[in-house]
1. Testing Thr480 on (1) farther than 25 Å from Asp594 by Cα; (2) out of contact with any Asp or Glu (no Cβ under 7 Å at 6 or more places or on another chain), one condition comes back false. Which one is that?
2. Only residues that are free of Cβ contacts under 8 Å to residues at least 40 places away in the same chain and aliphatic (A, V, I, L, M): list them for segment 593-603, please.
3. Hey, can you tell me all the residues within segment 52-82 that are of a type in the set (S, T, N, Q) and either surrounded by 10 or more Cβ atoms within 10 Å (Cβ to Cβ) or under 21 Å from Asn261 (Cβ atoms) (or both)?
4. If I ask for residues that are surrounded by fewer than 16 Cβ atoms within 10 Å (Cβ to Cβ) and of a type in the set (Ser, Thr, Tyr), which ones from segment 376-408 would you list?
5. Tell me which residues, restricted to segment 59-99, are assigned to a helix (DSSP H, G or I) and among the small types (Gly, Ala, Ser).
6. How do the pairs read when you match residues in segment 435-456 that are within 22 Å of Ser471 (Cβ to Cβ) and assigned to a loop (DSSP other than H, G, I, E, B) with residues anywhere that are modelled with pLDDT of 90 or more and among the hydroxyl-bearing types (Ser, Thr, Tyr), using Cβ under 6 Å and keeping only pairs 6 or more apart or on different chains?
7. Would you pick out the residues in segment 415-434 that are in a strand (DSSP E or B) and farther than 17 Å from Asp462 by Cα?
8. Out of the residues in segment 419-462 meeting the condition of being of a type in the set (Gly, Ala, Ser) and modelled with pLDDT of 90 or more, tell me which one is farthest from Thr396 (Cα to Cα).
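The values are calculated or read from the model by the stated rules, or taken from the named source; none is laboratory data. Being a predicted model, the structure only gives us computed values, none of them experimental. Glycine gets a Cβ as well: all are built from the backbone with ideal geometry, and neighbour counts include every protein chain shown.
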Amino acid sequence: MKQLLFLVLATLVACTLSAQTTIESDSINIDSLTIEPQFSTPAAWVYVDHVVNTNTLWQSQQDPVRDALRRLLDHSMEPFDSIRSRLIKENFSLVEVHTGDPHISDSIELRWLNDSTFLVDPRGWSSELYLKKETRLIYPVDTTNRTLPVIPIDTTVLSDSSAISVTPLPVPDTDIITLIDTSAIESLGITMHSYLDYQITPSLDIAERTGLMTADRSRVLYYLPGVIWKASEDSPFKIMEGEHQLDSLQYAVNKLLEFTNERDSTILWVNDMYGSKSPFWLSRGDDEAYRFWVKNYNNDSITIWIGNPAPNEISLMLEDDVSINRLMKEEIHYLPEFVKMPERSLVSMAMLEAEPIYWNYAFGSAFTLNQTYLTNWTKGGESSFSTMIDLLGQATYNNKKANSQWINTMRLKFGTLSTDEKGFSKNHDLFEINSKFNRNAWGKIGMSASFYMKNQLAKGYDFPNDSVPVSKFLNPATLTVGLGFEYKPFKNTTINMAPLSYKNTFVLDTALIDQTKHGIEEGFRSKQEMGTQIVINNKISPFKDLTFINRIRLFSNYLDHPQNVDVDWELIMDQKINWFFTIRLNLHLIYDDDIRFTVLDSEGAPILLPDGSEKKVAKTQFKEFIGLSLQFKF
């Protein structure tokens, strides 16, 4: 009876499962029939390793995705914490290292052709290509050491019916001889080696490794050169590259473990009640704390600070002075009867003051070219090419609170001229330093102290005489120091007057330079003057791209002919063409009563005075230069 009930129950269960299977199979989506690979962890590791090590799958062998997969393979083999623990327990520096026998690094098989000749056939060519076998007949030799000829014998009866007794020849021996086809060996690119008196020719030493033949002469063994260092047998190492290699390995492992410990970090995701995630990195320790907002269902929020004070530790801190109050709807009788207004007052505030910038720097440069080219010109003249560079640097100290200003300028002007007749020479040479300190006292008028030095850089000649120089560096040079007042009527106009001025003109090398050409008496190296100096600087722009720059320097000597005023006037006109190029006109006029020139007659000879000396007078010096200029200003 029990068996019958069990059989009926099993039948009902089978029918039910069959019906469910039928229903489910009828409702299966076609897309769900796609078979997806199911990997176990070892199988997944093997498959990723196959993809990484298959070079044909990758466009670049150094692809970053490929490197990332390699790191994934290394990390999935064993956790890094286990590797770190194992390496910390090891101490490679304690492994004993000692010298050992030469180590065999490689060997090659030899093929002997005879007792003294062999070859190395790494490509596996068959010896049938260069060894040939031949069969030869060898006859015995008679007592006279002559080989019996091979003559065919016919044993038939002769025509005269007389019989002849013939002794048959001996039967020859056969011998197989092996021949070496040297031409075939050369065509295959195989080198033959000879072995004589324990010497192999040519040598089989390769890559600084020594090759030695075995006793049975079947192979050549290669040994590593130098001293061989071996580790102890209980260590994982065998052949070392040096005696202290394991010490260096231990140091390098400790360095990398320290580095990975410092940079090791884990990301921690902080979730709120709405599912929003904020990242927080756990590292070895961070002095900074980071703010996170925590809210409830009523959207009330407070601030907590999360810190990472030490490895594998976090700290939670509530925001200081947090007061949680919830707005509630109360009846009117709960409100206070009197409302007291808080006491409020304004706090005095001071305006922010900009930090002053005391120093201001400026730099300007102009490079001017001028060319004249003549060929077959009936009116005369010669081709020429001239250049001029004009550099001006300025450093200005301005202190408005102290009403003081210190202006420093340095200028270098140098020009060259090249002609067919005179060749290469200089036509401009000026190096000057100007320093001026002003203190504003009465509006546009202030006290002033100035320093001025005028000099040249290269040697100068009075052409056509190019053998005796008339000037060079610091020969001559002029220094002027003055005290006085400065008046600034307009923005770009200044008038500096120094009633108390000292001027010194000197020539240091009187053996080479004639000082009398520069207003210094013969037998002296300098000329000192006391007087008044007036300096006028003016810059105007009557039109947008046209600029005039005037510099006038006047000096009167109190002690010697004060009515003879020294004049140094320079006028620069710049007409701008575009952002880079400018047409520049430079006019320079100098008059110094102390500098005198020899007076010549109509024939070009010096005019002599009654005492026999040459007549000399002061003349105006004038220089003009115009050309296309390339300008830069900073």
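1. Here Thr480 meets the rest and fails (1).
2. Result: Val599, Leu600.
3. Taking segment 52-82 and keeping what is of a type in the set (S, T, N, Q), we get 53-56, 59-62, 76, 82.
Scanning segment 52-82 gives Asn53, Ser76, Ser82.
4. Scanning segment 376-408 gives Thr378, Ser383, Thr396, Tyr397, Ser404.
5. Step one: filter segment 59-99 for residues assigned to a helix (DSSP H, G or I), giving 64-77, 80-89, 92-94.
Of everything in segment 59-99, those that are assigned to a helix (DSSP H, G or I) and among the small types (Gly, Ala, Ser) turn out to be Ala68, Ser76, Ser82, Ser85, Ser93.
6. From residues that are within 22 Å of Ser471 (Cβ to Cβ) and assigned to a loop (DSSP other than H, G, I, E, B), the pairs are Gln456/Ser471.
7. Kept after step one, since they are in a strand (DSSP E or B), are these residues of segment 415-434: 415-419, 423-434.
Within segment 415-434, Phe431, Glu432, Ile433, Asn434 meet the criteria.
8. Initial filter on segment 419-462 (of a type in the set (Gly, Ala, Ser)): 423, 425, 435, 441, 443, 446, 448-450, 458, 460.
From the residues that got through so far, the ones that are modelled with pLDDT of 90 or more too are 435, 446, 448-450, 458, 460.
Details: Ser435: 10, Gly446: 17, Ser448: 15, Ala449: 15, Ser450: 14, Ala458: 29, Gly460: 33 Å.
Residue satisfying both the conditions and the ranking: Gly460.
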